[in-house]
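Below is one structure, written out as structure tokens, with a few remarks after it.
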Amino acid sequence: MTKPHLLGLSLAQLTDLLVGGGMPKFRAAQVWDWVHVKGVLAPEDMTNLSKGDRAVMAEVLDLRLPSVSVEQRAADGVIKWLFKMADGHEVESVYIPEETRSTLCVSSQIGCTLTCRFCHTGTQALARNLTAAEIVAQVWLARKALSDFNGKDAARKLSNVVFMGMGEPLYNTENVFPAIHILMDEKGQGFGSRKITLSTSGVVPEITRVGEELGVNLAVSLHAPDDETRTAIMPINKKYPVAALMSAVRGFKLKERRRITWEYVMLDGINDSDAHARKLVKLIEGIPSLVNMIPFNVWPGSPFGCSSPERIDAFAAILDKAGVHVTVRKTRGEDILAACGQLRSETSKRNTISLQYPSVVAVYGNEGQKTRVHISGDTD
Ligand code: SAH
Ligand code: SF4
């Protein structure tokens, strides 16, 4: 039998396991504190544990961490990690620091079953779901590398987590939901629900659960306002068409002062006309919204090009004039990642799958004038 991984357990589960192995209950709480507050994983470094307690940990828990295959640091502070799992599969996480927040973009699956035509991950078959421990490990390792486990009052170097990496989080709810609960535990890493954003391509039956069970921010990869356009670029639209998606989102339990983020990748001549923009305005009418326009990152062999800057501005201006909050994503970490396409070709040569990392955006206000920048997917 494989042992459960320390990072994939809630405090209650960890306590049950350790107490079952013979450790006193209060010690189990201390182990949790070592791991999620102090950032210590090795039993031998947990100084208040007895020899016997350490033996219990080694006996009942899997304590292995993913290894770092690659760490690249950009001049602007962006860091990209390629983490290697115990079975050799690799996933990427990207850290994007900003003035007021710093975000880690994490992966939820190795590959993806959904074959969105503009997405490089979609060209790779699903290898497997990530476990809850592997998802939490991405955050834990990033915080460790950033020396971000400095006690509760230290200013957090990693304040936000977005599920915008490889994979569809709502096709792996059995691991993504527990991982999010672990990250949000106030006695542990304590990420508030406002600090976590889950991005979905529109897995309609699971959307309600995100609001009710997690209460985190929801980002929806809409990318087109009508079935014809959306089905042509996102096969999932055949299963869950725009109307079904919209009714799920309208039923989403949105907390006060929050909004839905709509991701909209700008594909030249495909979904970027004035008519598309006007349809989009109508479609989301009445929903507190932020439209996050993403210039398409061209990758070798991709069937699309990116809309021109003028087209992107014109599209944004239509939304803005209609009173819709809109942001346009900008690229960060260019010196290490170059354009996103290069990141992808580089990683695919290594037979890995790269992610769409979120980056800084220009926020439109005052009739299309760019006024400030912040991270996409975060509605704080
Ligand atoms: N599977 C989830 C989350 C991961 S993808 C989802 O689809 O929402 C994160 C975001 O990057 C999605 O909005 C996705 O549509 C977008 N994306 C994928 N490939 C892209 C590309 N080549 N250029 C720009 N955005 C892309
Ligand atoms: Fe999967 Fe999201 Fe890429 Fe679509 S955009 S293939 S859902 S990772």
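Are any of the residues in region 164-174 crowded, with 24+ Cβ neighbours inside 10 Å and within 30 Å of residue 274 (Cβ to Cβ)? The answer is yes; a qualifying residue exists. For region 57-80, residues that are part of a strand (DSSP E or B) and under 19 Å from residue 8 (Cβ atoms) total 2.
Against the list (1) hydrophobic (A, V, I, L, M, F, W, C); (2) without any contact (Cβ under 8 Å) to a residue 60 or more places away in the chain; (3) under 15 Å from residue 67 (Cα atoms); (4) crowded, with 24+ Cβ neighbours inside 10 Å, the condition residue 133 fails is (2). A Cβ distance below 7 Å, combined with a sequence gap of six or more or placement on separate chains, defines the contacts here; from region 5-26, residues that are crowded, with 19+ Cβ neighbours inside 10 Å reach residues that are among the polar types (S, T, N, Q) in the pairs 5/131; 8/131. Being modelled with pLDDT of 95 or more and closer than 30 Å to residue 3 by Cα narrows it down to one of 174, 212, so name that one. 174 is the lone residue from the list that is modelled with pLDDT of 95 or more and closer than 30 Å to residue 3 by Cα. Scanning region 278-299 finds no residues that are at pLDDT below 50 and more than 20 Å from the chain's Cα centre (by Cα). Taken over region 30-56, the criterion of being open to solvent by less than 60 Å² (accessible area, probe 1.4 Å), in contact (Cβ under 8 Å) with a residue 40 or more places away in the chain and not in a loop (DSSP other than H, G, I, E, B) is satisfied by 32, 33, 35, 36, 37.
Within region 258-304, the residues that satisfy the criterion of being part of a loop (DSSP other than H, G, I, E, B) and of a type in the set (Phe, Trp, Tyr) are 296, 299, 304.
Being modelled with pLDDT of 90 or more and closer than 13 Å to residue 190 by Cβ is the filter here; which residues of region 141-159 pass it? Within region 141-159, 143, 148, 149, 158, 159 qualify. If the condition is being within 16 Å of ligand 2 (Cβ to nearest atom) and surrounded by 24 or more Cβ atoms within 10 Å (Cβ to Cβ), then region 93-117 contributes 93, 94, 105, 106, 107, 108, 109, 112.
The values are calculated or read from the model by the stated rules, or taken from the named source; none is laboratory data. Predicted model only: the values in this text are computed from it and were never measured. Using ideal geometry, Cβ is built from the backbone for each residue, glycine included, and neighbour counts are taken over all protein chains shown. Surface areas here come from the heavy atoms of the whole protein model, side chains and all, with no ligands, DNA or RNA. Shrake-Rupley method; radii C 1.70, N 1.55, O 1.52, S 1.80 Å.
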